[in-house]
Amino acid sequence: MEKARISAFQLFILIVLFELGSAMIVPLAIEAKQGAWLAILIGAAGGCGIFLIYYALFRYYPDESPVHFVRHIIGSVPGKIVAFLYILYFLYLSARVVRDFGEMLITIAYVETPLFVLNLLMVLLAVYTIRKGIEVLARTGELLFIVLAFLFLSAFLLIAAGGTLDYGNLKPVMGEGLAPIVKTAFTQTIYFPFGEIFAFMMIMPYVTDPKKVKRTGLLAITASGFVLASIMAANTGVLGVELVNRSLFPLLATIQSIELADFLERLDVYFMLAAIIGGFVKITLFLYVSVAAAADLFKVKKPSQLAYPLGVVVLLLSIMIAGSLPEHIQEGIKLVPLYLHLPFQVILPALVLLVAFVRHKGRGKEGEAK
Amino acid sequence: MKRKWILFSTMMISMAFLSGCWSKKELSELALISAVGIDRDEDGNYMKAIQIINPGNVSSGLQGGGGGQAPGVTVITAEGKSIVDVHINASAEISRQLYHPHANLIVIGEDLAREQPLNTLLDSFDRNAEFRNTAQLVIAKKSPAADLIKVLSPVEKLPSEKIYKTLDVTEKMRGENITVSLQDFIKTSASPGIEPVLSSFTLEGDVKEGKKQENIQQSQPETIVKADGLAIFKEDKLVDFYSGNMARGVVWILDRVKQTDVLLDWKKNKDAITYSVIRQSTSVSADTSKDLPEITVNVKAEGMIRETEAPVKLDDPNVIHELEKTAEKEIKEQLERTVKQTQNKKTDIFGFGQTVYRKDADKWKKLRNNWNDDYFPNLKVKVNVDAFIRRTGLRTAPNLSEIKEKYE
C-alpha cells in the first residue's frame, strides 16, 4: 500500500463518479421496462446492503489492505489464492470498461479509427494517473465532479425546458407486476453498477477519518442510485421504452433530442464529456485496485512499477474479450453478473465475513476467560 | 526549471499539430446534404434524390450580385437495392463526400409508403450516428418524393428549409399538420396502442418548370410546394390522407393544435362567424371498468371572435354565451366525425389504445392482439368540449345594415 490519504469527501466523489461511470451510458435495467428507474433504486438499496458487508470486514481491519487481512482470516495459502483471483477479476472488469468506451467512441464519432488506438489512449491515461497515485486521482475527481455536476444540471434543465419529455411514456410503471422489476434489480442492477463498489475495499484504508466511511459510502450509493434512476426515467420519458431498448447509448439519443430556441441542438458533446469523465474514473480505479493488490500480494516495493505491465494486460484483454460489440454486451448482461459478480461481490465476501466473525467472537470469549 | 518550461512549451506547440488528423474532413471536400427524397422505380429499386447545398449560391445577398444567379441547391439522384446502396452509388455523381449531419428533411413518396413498411426504409437513418434523429419526415402526396425536393422556392433559398419552415408555421397557425421527426415516427410506430401520422406535401404545377431558376424569378411561381393535411398509417403502411377539418380533428385529439379557426353558423347564415382558438388543451381518458373500454375526449378551447359576416350583437354577454355553445357544438361534431371515420379505417392514430395501456395494463393484454381491427372500431368515444370566447377584437357589433336599423 502506498502512503496516501484521501478525505471522506473525496471518497464520496470517487464512488459517485465510479458508479455513474459506464452505467449512465447504457440502457440500465431496461428489462424492467417502464419500471427501470424503480429497479435501479431497488438495486441501490441492495447495493447499500452489500456495502455493509464490506464495511463490516473493513471494521475488523481498518488499516490493512484486504490482500493482507484475507490471509489472517482464511489462512495464508487460501488467502493468497483468493487475492489472486480478485486481481484477475478487477483486471477483467477494467478491460470491460475500456472496451465499452472504445466501442462507444467508434460507434458514435470515430468510425474509421481502429479500436486499438482508442483503447491505447485511454489505458495510457489511466496508467499515467495511477503512477501519480490515489491522491492525484482523488483530486482530479474533485475537478471532474464539478464539471459532471454542471453537465447534469444543465442537461436536465434543457430536457425539461425543451418539451421533449412525456411523462406518459413512464406509464404503466408496473404493467407486468412487481416481479420483472425485482428480478432485474436482483440479477443486474445490484451487481452492476452498485456492487462494483467492492473495488473500494482497497481504497477505504486511505481515508483519513475511518468513522466517516460508512456514512459516506451509503450516501454515495444512494446519490448515484438517484442520479442513475433519473437518467433512465428521462431516457424513457423522452424516447419511450421501445427505443431505449433498441439503443446502445440511450442517453446520447436523449441529449440529441434537445432542440431549444433554434440553436441549442446537437448537444452530443454533453454526452461525450460526461461519458469520458465517468469512463476515465472507472477504468483508472479498477486498474489502480488491481495494481495495488498485485503489489501487495507479490511484495513489489513500488506499486507504480506495475502500472505499465498491467496496463498492457488490460489493453490486450480489452481487445481479446469479445469478437464483436454484440458479443461483448451479451457477455456483460448474461454471464458476468451471474458467474463473476455474484460470487466475487456477494458470496466470497460474505463467507470471509462469516469466518472473520466466528474467529473474532471466539477470540473475544478467550479474552473474557482470561 | 528552465528545462521544464521548454519541455512544457514544446508539448503545447506540438498539440496544435497532432490533433484532428485522423479521418479529417475539410469543408471544401464535403457535399452538405439538406434533404433526401426516397421513391421506388418499376423494377423495385430504390431511387433516392439527394438535395445538396451549393454553398456559394446561398451566401447572404448583402454583397449584391453573386448569389441568386444559380439555384441554392443541386439535386442528384441514384438507384440501388438498399438505402445505403443508393447512397454509395450516388457518390459516382458528385465530386465531394456526401455529408449527412445537416440534413433536416426526409421525404417519402406516396407509392412507396403505401407498399412498404416505412420503418424498413428508416432503419439506415436511425442506425447512422451521423444523421440527425430530429430531421423531419414528410410524405409526398400524389407525386414522387424526388419532385418535391427539386422545386425551387421563393423567399427561402433552400427548398428543404422551405418545407421545414412551412410545416412549422402552418402547424402553429392552422393546426392541420404536425411536425413529426424521424425519432418521433419510429417511437410512435413502436409504441403499443397508437399508429403514427405524418404531414403530407403536394406539388402544384409542373415539376419541369419548378426546377428552373425562372420559377422563382416571377411574382407568382408556376410551381409551388404546399402542406396538405395528414398521411394516416396503419401497421407501418400509408393507408389514407386526411385534409381540412378531418386532419385538424386528428391534430386536435392528439393535443397538438396551437391556434386555429373554427367557422360558426349564426341563425341562417352559414360559416358566418370566425372563432379563433388562441389556446386549447385536450386530454383523453379511458374508463376500463367494462369489457370494452370507453374513451372520453375533453377539449378546453379559449379564443376570440375575429370576423363576422352576420348581424350579431357582440356586446351582449348572452350572445357571447350562445356563440360559445355554438362553437362547442361545432367542434364536438367535427371531432366526432373524425373519430367515426377513423374507426371505419380501423387504425388507432389517436392513441386510445395507449391510453388504455397506460391506465390498465392487464386489460390491454387482453385487447392488444386485434386492437386496430376488432376493438378500436367499436369503441364508445365521448367528446366533451368547453369553448370560451374571451374577447372580440377592437369593435363590438359589426358594421352591418341589419344591426344599424335595429339600433335606430
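The values are calculated or read from the model by the stated rules, or taken from the named source; none is laboratory data. No experiment lies behind these values; they were computed from the predicted model shown. When we count neighbours, we look across all protein chains shown, and the Cβ atoms used for this are built from the backbone with ideal geometry, even at glycine. Just so you know, the surface numbers come from the protein's heavy atoms only, side chains and all, with ligands and any DNA or RNA stripped out. Shrake-Rupley method; radii C 1.70, N 1.55, O 1.52, S 1.80 Å.
Remarks
- Selection from segment A:307-330 of residues that are open to solvent by 30 Å² or more (accessible area, probe 1.4 Å) and under 17 Å from the mean Cα position of the chain (by Cα): A:Ile329
- For A:Glu135, the conditions (1) out of contact with any Phe, Trp or Tyr (no Cβ under 7 Å at 6 or more places or on another chain); (2) away from every other protein chain (no Cβ under 14 Å); (3) within 21 Å of A:Ala274 (Cβ to Cβ); (4) touching a residue at least 60 places away in the same chain (Cβ under 8 Å) are fulfilled apart from (3).
- When segment A:81-135 is limited to residues that are among the hydroxyl-bearing types (Ser, Thr, Tyr) and within 22 Å of A:Glu327 (Cα to Cα), the one that is nearest to the chain's Cα centre (by Cα) turns out to be A:Ser94.
- Here the helices (runs of 4 or more DSSP H) wholly within segment B:30-137 that include at least 2 residues being at pLDDT below 85 are B:55-58.
- Looking only at segment A:101-122, and only at residues there that are without any contact (Cβ under 8 Å) to a residue 12 or more places away in the chain and assigned to a helix (DSSP H, G or I), the one that is farthest from the other protein chains (Cβ to nearest Cβ): A:Leu121
- Scanning segment B:341-357 for residues being more than 14 Å from chain A (Cβ to nearest Cβ) and in contact (Cβ under 8 Å) with a residue 60 or more places away in the chain gives a total of 7.
- Taken over segment B:179-214, residues that are within 27 Å of B:Asp373 (Cβ to Cβ) and in contact with a strand residue (DSSP E or B) (Cβ under 6 Å, 6 or more places away or on another chain) amount to 8.
Residues are listed down the side, and each one gets a yes or a no for (1) small (Gly, Ala, Ser); (2) without any contact (Cβ under 8 Å) to a residue 24 or more places away in the chain; (3) within 30 Å of A:Leu178 (Cα to Cα):
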position: B:Glu302; (1), (2), (3): no, no, no
position: B:Arg306; (1), (2), (3): no, no, no
position: B:Ile320; (1), (2), (3): no, no, no
position: B:Val339; (1), (2), (3): no, no, no
position: B:Lys359; (1), (2), (3): no, no, yes
position: B:Lys366; (1), (2), (3): no, yes, yes
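- The listed residues are B:Asp255, B:Asp291, and the only one of them that is part of a loop (DSSP other than H, G, I, E, B), open to solvent by 50 Å² or more (accessible area, probe 1.4 Å) and at positive phi turns out to be B:Asp255.
- Only a single criterion out of (1) at pLDDT 85 or above; (2) in contact with a Gly (Cβ under 9 Å, 6 or more places away or on another chain); (3) of a type in the set (D, E, K, R) is not satisfied by B:Asp236, namely (2).
- Any hit, segment B:138-148, residues being among the hydroxyl-bearing types (Ser, Thr, Tyr), in contact with a His (Cβ under 9 Å, 6 or more places away or on another chain) and more than 14 Å from chain A (Cβ to nearest Cβ): no
- Total residues in segment A:32-57 satisfying the condition of being of a type in the set (A, V, I, L, M) and open to solvent by 30 Å² or more (accessible area, probe 1.4 Å): the figure is 7.
- Only residues that are farther than 12 Å from B:Val250 by Cα and touching a Ser or Thr at 6+ places or on another chain (Cβ under 9 Å) were counted in segment B:317-348, giving 1.
- Verdict on A:Leu125 being out of contact with any Lys or Arg (no Cβ under 6 Å at 6 or more places or on another chain) and within 14 Å of chain B (Cβ to nearest Cβ): no
- Search result, residues across segment B:116-130 that are within 14 Å of chain A (Cβ to nearest Cβ), under 18 Å from the mean Cα position of the chain (by Cα) and open to solvent by less than 40 Å² (accessible area, probe 1.4 Å): B:Leu122
- Residues (more than 19 Å from A:Ile40 (Cβ to Cβ), in contact with a Ser or Thr (Cβ under 9 Å, 6 or more places away or on another chain) and within 12 Å of chain B (Cβ to nearest Cβ)) located in segment A:243-270: A:Gln256, A:Ser257, A:Ile258, A:Glu259, A:Glu265, A:Arg266
- Checking each residue in segment A:231-242 for being open to solvent by 20 Å² or more (accessible area, probe 1.4 Å) and more than 7 Å from chain B (Cβ to nearest Cβ) picks out only A:Ala233.
- The one condition from (1) in a helix (DSSP H, G or I); (2) modelled with pLDDT under 90; (3) touching a helix residue (DSSP H, G or I) at 6+ places or on another chain (Cβ under 8 Å); (4) surrounded by fewer than 23 Cβ atoms within 10 Å (Cβ to Cβ) that A:Tyr92 does not meet is (2).
- Top-ranked residue of segment A:58-88 - restricted to ones that are touching a helix residue (DSSP H, G or I) at 6+ places or on another chain (Cβ under 9 Å) and part of a loop (DSSP other than H, G, I, E, B), ranked as surrounded by the most Cβ atoms within 10 Å (Cβ to Cβ): A:Ser65
- In this structure, B:Gly353 does not qualify as assigned by TED's automatic domain parsing to the domain that holds B:Ala397 and in contact with a Ser or Thr (Cβ under 6 Å, 6 or more places away or on another chain).
- If you check A:Ala179, A:Ala155, A:Ala149, A:Ala161 for being touching a residue at least 60 places away in the same chain (Cβ under 8 Å), hydrophobic (A, V, I, L, M, F, W, C) and open to solvent by 30 Å² or more (accessible area, probe 1.4 Å), only one passes: A:Ala161.
Matching residues to (1) closer than 21 Å to A:Leu120 by Cβ; (2) buried (at least 19 other Cβ atoms within 10 Å of the Cβ):
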site: A:Ala293; (1), (2): no, yes
site: A:Gln305; (1), (2): yes, no
site: A:Leu335; (1), (2): no, no
site: A:His341; (1), (2): no, yes
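- The single condition among (1) more than 29 Å from the chain's Cα centre (by Cα); (2) surrounded by 17 or more Cβ atoms within 10 Å (Cβ to Cβ); (3) away from every other protein chain (no Cβ under 14 Å) that B:Trp364 does not meet is (3).
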